[in-house]
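The values are calculated or read from the model by the stated rules, or taken from the named source; none is laboratory data. Model, not experiment: these values are computed from the prediction. Note: ideal-geometry Cβ built from the backbone for every residue, glycine included; neighbour counts use all protein chains shown.
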Amino acid sequence: MNSFSAAQRTRVTMLDVAQRAGVSKASVSRFIGEDRALLSEAIAERIERAINELGYRPNQMARGLKRGRTRLIGMLVADIRNPYSIAVMHGVETACRQHGYNLVVCNTDRNDEQERQHLAALRAYNIEGLILNTLGHHPDALQQLHQEMPIVLIDRKVEQLHIDLVGLDNAGAVRMALEHLQQQGYGDLLMVSEPIDGTHSRSERMHSFNQHVAQHPALKGAVVFTGPHLRADIQSFLHAAGPGPKAVFCSNGVSALACTHVLRELNCRLFEDLGLIALDDLDWFPLVGSGITALAQPTQQIGASAFDCLLKRLKGDTGPVRALDYCAQLIIRGSTQRLTT
């Protein structure tokens, strides 16, 4: 059997295979397509032998365009460095593979212009559907794209788009976190979040935090954001008087990492000086002190469900818009140890 470099294989055409096998180009097309049964066994064997000898690889994109199907699903994420994005993307990719689709992923890096360019590129790839974790700053462009293909949103709602949304029950997760802190004896709470920046899920979590604190007079609560002022904000929180023991609630894994760095720099005794709980459960959480208490998101399920919603739409489902909110799982570690009074 001959050995060919990748560059050599790309130069081999369907016509080359046909000439080597002594058949028509149409016969080769049938062999690599969905009409192989129309060929005699002898012709099929000759074509297969020619393909192996020449190292021919069919152009899957061209075949898909010819059939009107590319079997490509697009996924656009706002920040691929975010562990949540990676975990959900794995769930989407696994589901795609199980159903014979391929996933094309684009990262906007939280940049509006980059998002616009990626949306145009995905459209040029002739994707059949789109799974979107968006900044939401281009609702008109997204609405226009939705007229061409089904779209499913992940985590972040865009008010102007009436399309399927899959994500976390944010209100329930925040309530679960704060009720746990109350049960453990904490009364002075600080929420650390990434800047809202129009992100629906962050806004929901902050609203739920403020609402819960307002409904429980024994609690005191404040919200601060990651960025250049985080160290000063946390330092002020640690030194200020408050109603009982202090605890920090981090609204996602990114804010948990930023907060933990600051607490280390301030020589805060984890977890004696204050409690700490985070929404998301990252691999390093058990490694910090006696472990960081977390609310784990079912990221695999969220990704798989997003693809399932998209697949239903691809198959012609025109039913009502779905909103699938999954529950977080509370994982208790040493960072929220029960306090004695």
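Structure data summary
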quantity: Of residues in region 110-126 being among the hydrophobic types (A, V, I, L, M, F, W, C) and within 18 Å of the chain's Cα centre (by Cα), the one nearest to Gly198 (Cα to Cα); calculated: Leu119
quantity: Hey, Asp325 over 30 Å from Ala247 (Cβ atoms), surrounded by 13 or more Cβ atoms within 10 Å (Cβ to Cβ) and at pLDDT 95 or above or not; calculated: no
quantity: Subset of region 102-118 (residues that are more than 26 Å from Asp325 (Cβ to Cβ) and not in a strand (DSSP E or B)); calculated: Asp109, Asn111, Asp112, Glu113, Gln114, Arg116, Gln117, His118
quantity: Residue selected from region 72-101 under the condition of a type in the set (A, V, I, L, M) and farther than 23 Å from Leu145 by Cβ, by the criterion surrounded by the most Cβ atoms within 10 Å (Cβ to Cβ); calculated: Ala87
quantity: In region 207-256, the residues that are buried (at least 18 other Cβ atoms within 10 Å of the Cβ) and under 23 Å from the mean Cα position of the chain (by Cα); calculated: Ser208, Phe225, Thr226, Phe249, Cys250, Ser251, Asn252, Gly253, Val254, Ser255, Ala256
quantity: Residue selected from region 284-341 under the condition touching a strand residue (DSSP E or B) at 6+ places or on another chain (Cβ under 8 Å) and polar (S, T, N, Q), by the criterion nearest to Cys96 (Cα to Cα); calculated: Ser305
quantity: Helices (runs of 4 or more DSSP H) lying entirely in region 1-69 (those with 2 or more residues that are at pLDDT 80 or above and surrounded by 13 or more Cβ atoms within 10 Å (Cβ to Cβ)); calculated: 14-21, 25-32, 41-54
quantity: Residue list for region 102-113, restricted to those being polar (S, T, N, Q) and within 16 Å of Leu145 (Cβ to Cβ); calculated: Thr108
quantity: For Ala256: the one exception among (1) modelled with pLDDT of 95 or more; (2) over 17 Å from Ser290 (Cα atoms); calculated: (2)
quantity: Single condition Gln144 does not satisfy, out of (1) in contact with a strand residue (DSSP E or B) (Cβ under 7 Å, 6 or more places away or on another chain); (2) at pLDDT below 95; calculated: (1)
quantity: Check on Asn111, polar (S, T, N, Q), surrounded by fewer than 19 Cβ atoms within 10 Å (Cβ to Cβ), within 20 Å of Gly136 (Cα to Cα) and at pLDDT 85 or above; calculated: yes
quantity: Some residue of region 175-188 being polar (S, T, N, Q), in the same structural domain as Thr293 (by TED's automatic domain parsing), in contact with a helix residue (DSSP H, G or I) (Cβ under 6 Å, 6 or more places away or on another chain) and assigned to a strand (DSSP E or B); calculated: no
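This table checks each residue for (1) hydroxyl-bearing (Ser, Thr, Tyr); (2) at pLDDT 95 or above.
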{"position": "Asp197", "(1), (2)": "no, no"}
{"position": "Gln211", "(1), (2)": "no, yes"}
{"position": "Ser236", "(1), (2)": "yes, yes"}
{"position": "His239", "(1), (2)": "no, no"}
{"position": "Phe249", "(1), (2)": "no, yes"}
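Condition check ((1) within 19 Å of Glu204 (Cα to Cα); (2) β-branched (Val, Ile, Thr)) across all residues:
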| site | (1), (2) |
| --- | --- |
| Val88 | no, yes |
| Ala95 | no, no |
| Gln98 | no, no |
| Gln114 | no, no |
| Ile151 | no, yes |
| Ala177 | yes, no |
| Gln184 | no, no |
| Gly187 | no, no |
